[in-house]
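Participant: I'd like to ask some things about the structure below.
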Amino acid sequence: MTRDYSDIIGHITEAEKILIFTHANMDGDALGSAGALCRSLRQMGKEAFVLIEKPCPEYLAFLADDYLSFAPPFKADLSIAVDLGSAGRLEGLKDVFFGAPKRLCLDHHIRTEDFCEVFVVDPAAAAAGCLVYELFKKMGAPIDARTAELLFAAIATDTGSFRYSNTNSEALGAAAELVGMGIDSASLCTALFDSFPICQLKLESLIVERAELISGGRGIISYCTEEDYRACGALPEHSETGIDRLRSVMGVESAALLRERDGALKLSLRSKTCADVRSVAASFGGGGHLRAAGATLDMPLDEALKEVGKALAEELSRCAARD
Ligand code: 5GP
Ligand code: MN
């Protein structure tokens, strides 16, 4: 697929003060693609910041820098959204985002809303980082070692370190080129995927212990509560990898994890080859990708476990019928 960056490049060239936004509850693709874009724009002489509402999670802190800001340091003439499929996921930053006279979006979620003047959206892109990297190449933008690390982290995150079904030649090719720029990919992967505090493993073990198989073992569902965080000495961010443990169970096509977070109930869904978890998430008011999606639910945990289990079982029987 050819992506047309000409309008985005035109707006970036004209702008002087740029704010970059990404989705709440940031992950490595959100931080990596936004941070890389910000660094490169600064090196092109722009004033740029990535605006965030909540602190970066501890496991990503090694990638965070002075490009992050909690308050807008200026009135922007351009807002750029990366890895952001809907305005709702800007949460409390919506007003600042829409306060700029022009808005651009570089994203790889299925587009459901028109919240920007210009979009480059491609759901076939493995990560928003792939689109930012392609934009850099089209613009001849500077990519220093730190920017290359951020882009690599973005792509490695959303491909599950190049294991998920979205891993394509573009993602692998970009990663190869970034490694060719001299970054230490092994250290980055260790920091991103193989270094957890012990409380995170304790929380994962609780999640695994109470997991229930559904649909004859093709689905799995579990949960964790605010009380669990206290019991394990963990923070809600330490629950992020629970869904990966569930997904890894042999024979499981699709996994669901419900997590209490900041007074709300967060649903994460994953699938391997066939279940359309985006549509399951959409039935609860959420969204995402075909194989990784989520939603925020407004119901008690026990009811949510029943409703999500039912919706997932239905999608698993649809997908069995499709096979
Ligand atoms: P996670 O399970 O890691 O929180 O989210 C997986 C994917 O689902 C994200 O990349 C995002 O695309 C999508 N997602 C998660 N939560 C929500 C939500 O509340 N609303 C929407 N629209 N998408 C979500
Ligand atoms: Mn992403």
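The values are calculated or read from the model by the stated rules, or taken from the named source; none is laboratory data. Because the structure is predicted, anything quoted here is derived from the model rather than measured. So basically every Cβ, Gly included, is an ideal-geometry build from the backbone, and we count neighbours across all protein chains shown. Remember, those area values only see protein heavy atoms, side chains included, never the ligands or the DNA or RNA. Shrake-Rupley method; radii C 1.70, N 1.55, O 1.52, S 1.80 Å.
Participant: Could you grab the pairs with beta carbons closer than 6 Å, sequence gap of 6+ or different chains, first residue in segment 275-295 and closer than 16 Å to G309 by Cβ, second one aromatic (F, W, Y) and open to solvent by less than 50 Å² (accessible area, probe 1.4 Å)?
Facilitator: Close Cβ pairs satisfying both conditions: A295/F284.
Participant: Out of curiosity, is I18 over 23 Å from P236 (Cα atoms), touching a residue at least 40 places away in the same chain (Cβ under 8 Å) and crowded, with 23+ Cβ neighbours inside 10 Å? Before the answer, list the steps.
Facilitator: Values: over 23 Å from P236 (Cα atoms): yes; touching a residue at least 40 places away in the same chain (Cβ under 8 Å): yes; crowded, with 23+ Cβ neighbours inside 10 Å: yes.
Spelling it out, I18 is indeed over 23 Å from P236 (Cα atoms), touching a residue at least 40 places away in the same chain (Cβ under 8 Å) and crowded, with 23+ Cβ neighbours inside 10 Å.
Participant: Let me ask something else. Test each condition in (1) within 26 Å of A281 (Cα to Cα); (2) in a helix (DSSP H, G or I) for L150 and report the one that comes out false.
Facilitator: Among (1) within 26 Å of A281 (Cα to Cα); (2) in a helix (DSSP H, G or I), L150 violates only (1).
Participant: Considering segment 67-95 alone, what residues qualify as being within 16 Å of ligand 2 (Cβ to nearest atom) and of a type in the set (S, T, N, Q)?
Facilitator: Listed by number, the list holds a single entry, S86.
To keep it simple, each residue is scored yes or no on (1) in the same structural domain as H23 (by TED's automatic domain parsing); (2) within 14 Å of ligand 1 (Cβ to nearest atom); (3) under 27 Å from L151 (Cβ atoms); (4) touching a strand residue (DSSP E or B) at 6+ places or on another chain (Cβ under 6 Å).
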residue	(1), (2), (3), (4)
A174	yes, no, yes, no
L206	no, no, no, no
T241	no, yes, yes, no
T273	no, no, no, no
F284	no, yes, no, yes
G287	no, yes, yes, no
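Participant: Can you go through G182, G160 and tell me which one is more than 22 Å from the chain's Cα centre (by Cα) and not assigned by TED's automatic domain parsing to the domain that holds R247? Explain how you work it out, then say what you get.
Facilitator: Working: G160 fails: more than 22 Å from the chain's Cα centre (by Cα).
Every option except G182 fails the conditions.
Participant: Can I ask one more? Is one or more of the residues making up segment 22-44 of a type in the set (S, T, N, Q), at pLDDT 95 or above and within 16 Å of ligand 2 (Cβ to nearest atom)? Before you say what the answer is, go through the steps one by one.
Facilitator: So in segment 22-44, the residues of a type in the set (S, T, N, Q) come out as 22, 25, 33, 40, 43.
Those left that are additionally at pLDDT 95 or above: 22, 33, 40, 43.
Now narrow it down to the ones that are within 16 Å of ligand 2 (Cβ to nearest atom): 22, 33.
The answer is yes; a qualifying residue exists.
Participant: Specify the residue that is least open to solvent (accessible area, probe 1.4 Å); the eligible residues are those in segment 156-172 that are under 19 Å from S248 (Cβ atoms) and of a type in the set (S, T, Y). Give the steps one after another, and end with the answer.
Facilitator: Step one: filter segment 156-172 for residues under 19 Å from S248 (Cβ atoms), giving 156-167.
Then drop every residue that is not of a type in the set (S, T, Y), which leaves 157, 159, 161, 164-165, 167.
On the way: T157: 32, T159: 0, S161: 34, Y164: 53, S165: 84, T167: 36 Å².
My answer is T159.
Participant: Continuing with the same structure: Taking the condition of being open to solvent by 10 Å² or more (accessible area, probe 1.4 Å) and within 16 Å of ligand 2 (Cβ to nearest atom), how many residues in segment 269-289 meet it? Break it down stepwise before answering.
Facilitator: Start the filter on segment 269-289 by keeping residues that are open to solvent by 10 Å² or more (accessible area, probe 1.4 Å), which leaves 270, 272-274, 276, 278-279, 282-289.
From what is left, the residues that are within 16 Å of ligand 2 (Cβ to nearest atom) are 270, 278, 286-289.
Total satisfying the criteria: 6.
Participant: Inside segment 60-80, can you point out the residues that are small (G, A, S) and farther than 16 Å from L93 by Cα?
Facilitator: If we filter segment 60-80 for residues that are small (G, A, S), which is where we start, we get 61, 64, 69, 71, 76, 79.
A61, A64, listed by residue number.
Participant: Related question: Restricting to segment 229-250, count the residues that are aromatic (F, W, Y) and either over 23 Å from K54 (Cβ atoms) or open to solvent by 50 Å² or more (accessible area, probe 1.4 Å) (or both). I'd like the intermediate steps shown before the answer.
Facilitator: Within segment 229-250, the subset aromatic (F, W, Y) is 229.
Remaining after also requiring either over 23 Å from K54 (Cβ atoms) or open to solvent by 50 Å² or more (accessible area, probe 1.4 Å) (or both): none.
Within segment 229-250, residues that are aromatic (F, W, Y) and either over 23 Å from K54 (Cβ atoms) or open to solvent by 50 Å² or more (accessible area, probe 1.4 Å) (or both) number 0.
Participant: Among the residues that make up segment 257-266, is at least one of them more than 11 Å from ligand 1 (Cβ to nearest atom), at pLDDT below 95 and at positive phi?
Facilitator: yes
Participant: Of A153, A175, A124, which residue is within 16 Å of ligand 2 (Cβ to nearest atom), crowded, with 17+ Cβ neighbours inside 10 Å and more than 27 Å from S69 (Cα to Cα)? Please lay out each step first, then the result.
Facilitator: Working: A153 fails: more than 27 Å from S69 (Cα to Cα); A124 fails: crowded, with 17+ Cβ neighbours inside 10 Å.
The conditions single out A175.
Participant: Tell me which residues, restricted to segment 195-228, are assigned to a loop (DSSP other than H, G, I, E, B) and open to solvent by less than 50 Å² (accessible area, probe 1.4 Å).
Facilitator: Taking segment 195-228 as the starting set, the residues that turn out to be assigned to a loop (DSSP other than H, G, I, E, B) are 195-197, 210-211, 218, 225.
Residues satisfying the conditions are A211, T225.
Participant: Would you mind stating whether R3 is open to solvent by less than 40 Å² (accessible area, probe 1.4 Å), more than 16 Å from ligand 1 (Cβ to nearest atom) and in contact (Cβ under 8 Å) with a residue 12 or more places away in the chain?
Facilitator: Numbers: open to solvent by less than 40 Å² (accessible area, probe 1.4 Å): yes; more than 16 Å from ligand 1 (Cβ to nearest atom): yes; in contact (Cβ under 8 Å) with a residue 12 or more places away in the chain: yes.
Answer is yes for this residue.
Participant: Looking at A186, A174, A191, can you tell me which residue is touching a Leu at 6+ places or on another chain (Cβ under 8 Å) and under 21 Å from A127 (Cα atoms)? Show your work before the answer.
Facilitator: Details: A186 fails: touching a Leu at 6+ places or on another chain (Cβ under 8 Å); A191 fails: touching a Leu at 6+ places or on another chain (Cβ under 8 Å).
Only one candidate passes the filter, namely A174.
Participant: For residues that are within 23 Å of G294 (Cα to Cα), exposed (fewer than 15 other Cβ atoms within 10 Å of the Cβ) and away from ligand 1 (no atom under 16 Å from the Cβ), tally how many sit in segment 25-80.
Facilitator: Here the count works out to 2.
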